[in-house]
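Working notes for the structure below.
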Amino acid sequence: MNDRLADYLKTRRTIPSVQLREPAPDRKTLRDMLTIAARVPDHGKLAPWRFIIFDRDTREAVVAGLIRIAKHAPDEKEGQTRAEKAKGFADAPLIVGVVSAPIVDHPKIPLWEQQLSAGAVCLNLLHAAQAHGFSAQWLTGWFAYDDEAKAWLGLKSGERVAGFIHIGTPAMPPSERDRPDLDAITTAWQPRTA
Ligand SMILES: Cc1cc2nc3c(=O)[nH]c(=O)nc-3n(C[C@H](O)[C@H](O)[C@H](O)COP(=O)(O)O)c2cc1C
């Protein structure tokens, strides 16, 4: 067994994006991280996902656009809530948008499996950040589900946000949180008697 890898996987913890600071990965390091992220199980080898980079030079403009779009919320209070949440998009110094870009009517590979592969990309990117000395948080938010916001963020029709992976250097150590009761979620299959 690879003890170091097992130890890491046993203790992996998310650091909240608000606690992620400079330095962020440089271009080469980010490329290495994305290479790891893209090395996921992928039924049919379709690569049904892609990346959008939001770096320190573009974050402010992204947030300004999201705040403008937040004003289109059904009511003013919800608009204010959305605008506040949009500001969180500028917390970490680097965000990678992982976009699920499936072939919807593929004759063999179900849509669900293509979407699961995009989730695997997100998790691999969290691991890649950690492997390169950074931390990361997998977030979504209202702007992952709002059509106008999605278009502003660079998504095309038919694409969905698998996650915004916020990346930076942690300003705090990880803390533990409760984990699921394995016995409660694990069963051995038995034949049905009925
Ligand atoms: C698809 C997806 C979307 C998520 N979106 C959010 C989010 O918008 N806000 C949030 O606080 N946590 C979100 N999370 C949870 C965090 O990424 C993280 O899992 C959580 O803070 C628990 O930390 P842990 O990774 O150490 O278990 C999301 C997780 C997933 C898988």
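The values are calculated or read from the model by the stated rules, or taken from the named source; none is laboratory data. The structure presented is a predicted model; accordingly, all values stated were derived computationally and were not measured. In this analysis, Cβ positions are derived from the backbone assuming ideal geometry, glycine residues included, and neighbour counts consider all displayed protein chains. Accessible surface is based on the protein model in full, side chains and every heavy atom, while ligands, DNA and RNA are left aside. Shrake-Rupley method; radii C 1.70, N 1.55, O 1.52, S 1.80 Å.
The rows are residues; the columns are (1) within 15 Å of the chain's Cα centre (by Cα); (2) within 16 Å of the ligand (Cβ to nearest atom); (3) under 14 Å from A129 (Cα atoms).
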| site | (1), (2), (3) |
| --- | --- |
| K45 | no, no, no |
| I67 | no, no, no |
| Q80 | no, no, no |
| A86 | no, yes, no |
| A92 | yes, yes, yes |
| V96 | yes, yes, yes |
- line: Residue count, segment 82-94, condition in contact with an Asp or Glu (Cβ under 8 Å, 6 or more places away or on another chain), of a type in the set (A, V, I, L, M) and open to solvent by less than 20 Å² (accessible area, probe 1.4 Å), comes to 1
message: Looking for something crowded, with 16+ Cβ neighbours inside 10 Å, within 15 Å of the ligand (Cβ to nearest atom), touching a residue at least 60 places away in the same chain (Cβ under 8 Å) and part of a strand (DSSP E or B) - is there at least one such residue anywhere in segment 107-122?
response: no
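Please work out which residue is nearest to T29 (Cα to Cα), limiting yourself to segment 156-194 and to residues that are assigned to a loop (DSSP other than H, G, I, E, B) and in contact (Cβ under 8 Å) with a residue 60 or more places away in the chain.
A171
The rows are residues; the columns are (1) part of a helix (DSSP H, G or I); (2) open to solvent by 40 Å² or more (accessible area, probe 1.4 Å); (3) under 27 Å from L116 (Cβ atoms).
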| residue | (1), (2), (3) |
| --- | --- |
| R4 | yes, yes, no |
| R13 | no, yes, yes |
| R31 | yes, yes, yes |
| D42 | no, no, yes |
| A47 | no, yes, yes |
| I52 | no, no, yes |
| V63 | yes, no, no |
| L66 | yes, no, no |
statement: Among A171, A162, the single one that is of a type in the set (A, V, I, L, M), surrounded by 12 or more Cβ atoms within 10 Å (Cβ to Cβ) and away from the ligand (no atom under 15 Å from the Cβ) is A171
- line: Listed by first then second residue, the pairs whose first member lies in segment 3-19 and is within 14 Å of M172 (Cα to Cα), whose partner is of a type in the set (A, V, I, L, M, F, W, C) and within 12 Å of the ligand (Cβ to nearest atom), with beta carbons under 7 Å and at least 6 positions apart or on separate chains, are S17/L139
field: Breaking point among (1) surrounded by 13 or more Cβ atoms within 10 Å (Cβ to Cβ); (2) under 21 Å from L139 (Cβ atoms); (3) within 16 Å of the ligand (Cβ to nearest atom), for Y8
entry: (2)
message: When the residues of segment 128-145 are narrowed to those that are open to solvent by 40 Å² or more (accessible area, probe 1.4 Å) and more than 10 Å from the ligand (Cβ to nearest atom), which ends up nearest to R27 (Cα to Cα)?
response: H132
- prompt: Do we have W152 as more than 17 Å from V18 (Cβ to Cβ) and open to solvent by 20 Å² or more (accessible area, probe 1.4 Å) here?
  reply: yes
- request: Return the residue satisfying two criteria in turn: it lies in segment 15-29 and is outside any helix (DSSP H, G or I) and within 16 Å of the ligand (Cβ to nearest atom), and of such residues it is most open to solvent (accessible area, probe 1.4 Å).
  value: P16
